[in-house]
Amino acid sequence: MRQADLARAAGISASYLNLIEHNRRRIGGRVLNDLARALGVDPTQLSEGAETALIQDLRGAAATRPTAGAEIDRVEEFAGRFPGWAGLVTDQAAQIVRLEAKVKSLTDRMAHDPQLATSLHEVISAVTSIRSTSSILVGGEVLDRDWQERFHRNIYNDSQRLADSSRALVGYLEAPADGGALALSPVEEVDAYFDRRGHHIADLEGPEASVAALIADAALATPAAELLLQGRLALYRDDARTMPLADFETTAIELRHDPALLAARFGVGPAAVLRRLSSLPERPAHPAFGFASCDGAGAVTRLKMIEGFNLPRAAAACPVWPLFQALSRPGQPIRAVVALPGEGGRRYLCHAIAGPLGPMRFDGLAPVEAVMLVQAAPIGETATLEAGGGCRICPRPACPARREPSLLA
């Protein structure tokens, strides 16, 4: 239908109809009904119709990029004159939203489910070791029999490690999404054992506690994991004897779970109190506690996660966490409220301290361990630190502790 014919049928001028088509004149009442009758459509299709949803999508797309300078006041004209282009813009805006959600999902997986990164790290480490050793053997240098046997033994051991890591990686990738995390190292095996027990080992709370019996029933996969578990259980038993459960629970509730007051009340060090709080049974009277420890090199040696809190094992974690700051200030307790990235990011109240493992000596190395207790920050607490999972997956653009660019930059 020609514009002039439609204008004549509706009883208006062609120039006025031209202004209407370009969204420069709003219509209603008799003119709207006359146009709808001439076109054989319902009047609501002209006043609202399919363009309404398109205009709303365009406004939404413009809101996500406020600095783009989109002419919001002419959105109806754009949708009316170029519906195809308008549809393309809204489709691309929706695709950007989907891709951003996918990136966030992958980022969360790297931050909160680090088995994949750990397994890949093990595979790469084993391959690098095998390549280095084999390059020496084929380098043309004359080696005596003892050195040759040593290099061959190293290649064999690294090959076994590579095979184990590869199987663990395949098992992880083939496992159901809800099948739980797979332990890829002795440390993770031990953490998985404590996860299954809720980090509260009731069998070690009594005076007749037996570490050996628990290890026999643990059914861990490797002797290395059993050795680590033995040390962890023995330390748990010692803490339970120093701070008996019934008395400690009552006092913790009375003192509002304040680590400093609890350490003074029981006459123990802050690190022992932080460990003990993390092992409390789940009760409404106790907050949900997370826990982490690391050695002097910053490697995470123990991890109890709570909602939103996790630290990567294979990749380097964010050095802003009080756990790692405590390493540079051994013996000094640290209390801080840590905020995670993003709008509405979670905030955690953290207590941390570092100290030597065993008595200090002048004639030998004294290994250092740092421990950190984590809980949801009380309402009204202001964040004093801004941390993340690790530099590669942290979107903070101007972090002074950044060691490498972010994938999300």
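The values are calculated or read from the model by the stated rules, or taken from the named source; none is laboratory data. Here the structure is a predicted model, which means the values were calculated and not measured. For neighbour counting, all protein chains shown are included, and Cβ atoms are generated from backbone atoms with ideal geometry for every residue, glycine included.
Data table
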quantity: Residue check for residue 387: under 21 Å from the mean Cα position of the chain (by Cα), within 19 Å of residue 306 (Cα to Cα) and surrounded by fewer than 21 Cβ atoms within 10 Å (Cβ to Cβ); calculated: no
quantity: Subset of region 266-318 that is in contact with a Cys (Cβ under 7 Å, 6 or more places away or on another chain) and among the β-branched types (Val, Ile, Thr) - its residue that is surrounded by the most Cβ atoms within 10 Å (Cβ to Cβ); calculated: 300
quantity: Given (1) out of contact with any helix residue (DSSP H, G or I) (no Cβ under 7 Å at 6 or more places or on another chain); (2) not hydroxyl-bearing (Ser, Thr, Tyr); (3) not assigned by TED's automatic domain parsing to the domain that holds residue 367, number of the condition residue 329 does not satisfy; calculated: (3)
quantity: Meets criteria (closer than 23 Å to residue 196 by Cβ, at pLDDT 95 or above and within 26 Å of the chain's Cα centre (by Cα)) for residue 303; calculated: no
quantity: Only one of 302, 346, 335, 361 that is without any contact (Cβ under 8 Å) to a residue 12 or more places away in the chain and in the same structural domain as residue 377 (by TED's automatic domain parsing); calculated: 361
quantity: Residue 331, sole failed condition from (1) modelled with pLDDT under 90; (2) touching a strand residue (DSSP E or B) at 6+ places or on another chain (Cβ under 9 Å); (3) more than 16 Å from residue 389 (Cα to Cα); calculated: (1)
quantity: Which listed residue, of 213, 263, 240, 234, is touching a Gly at 6+ places or on another chain (Cβ under 7 Å), of a type outside the set (Asp, Glu) and in a helix (DSSP H, G or I); calculated: 263
quantity: Conditions (1) more than 20 Å from the chain's Cα centre (by Cα); (2) touching a residue at least 60 places away in the same chain (Cβ under 8 Å); number of the one not met by residue 376; calculated: (1)
quantity: Any hit, region 122-137, residues being assigned to a helix (DSSP H, G or I), within 37 Å of the chain's Cα centre (by Cα) and modelled with pLDDT under 80; calculated: yes
quantity: Selection from region 138-147 of residues that are in a helix (DSSP H, G or I) and surrounded by 13 or more Cβ atoms within 10 Å (Cβ to Cβ); calculated: 147
quantity: Among (1) in contact with a strand residue (DSSP E or B) (Cβ under 9 Å, 6 or more places away or on another chain); (2) assigned to a loop (DSSP other than H, G, I, E, B); (3) acidic (Asp, Glu), the one test that residue 369 misses; calculated: (2)
quantity: Restricting region 347-365 to residues that are of a type in the set (Gly, Ala, Ser) and in contact with a Leu (Cβ under 7 Å, 6 or more places away or on another chain), the residue that is surrounded by the fewest Cβ atoms within 10 Å (Cβ to Cβ); calculated: 354
quantity: Residue within region 327-339 that is under 14 Å from the mean Cα position of the chain (by Cα), more than 24 Å from residue 191 (Cα to Cα) and not polar (S, T, N, Q) present; calculated: yes
quantity: Residue among 199, 257 that alone is at positive phi, in contact with a Leu (Cβ under 8 Å, 6 or more places away or on another chain) and not assigned by TED's automatic domain parsing to the domain that holds residue 353; calculated: 257
quantity: Residue identified as at pLDDT 85 or above and either crowded, with 18+ Cβ neighbours inside 10 Å or in a helix (DSSP H, G or I) (or both) among 93, 50; calculated: 93
quantity: Region 247-263, residues that are in contact (Cβ under 8 Å) with a residue 24 or more places away in the chain, under 16 Å from residue 283 (Cβ atoms) and within 31 Å of the chain's Cα centre (by Cα); calculated: 249, 252, 253, 257
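Quick grid of which residues meet (1) among the hydrophobic types (A, V, I, L, M, F, W, C); (2) buried (at least 18 other Cβ atoms within 10 Å of the Cβ); (3) modelled with pLDDT under 85:
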site	(1), (2), (3)
158	no, yes, no
162	yes, yes, no
165	no, yes, yes
169	yes, yes, yes
177	yes, no, yes
193	no, yes, no
207	no, no, yes
212	yes, no, no
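Quick grid of which residues meet (1) in contact with a strand residue (DSSP E or B) (Cβ under 7 Å, 6 or more places away or on another chain); (2) among the hydrophobic types (A, V, I, L, M, F, W, C); (3) at pLDDT 85 or above:
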{"position": "34", "(1), (2), (3)": "no, no, yes"}
{"position": "38", "(1), (2), (3)": "no, yes, yes"}
{"position": "55", "(1), (2), (3)": "no, yes, no"}
{"position": "68", "(1), (2), (3)": "no, yes, no"}
{"position": "87", "(1), (2), (3)": "no, no, yes"}
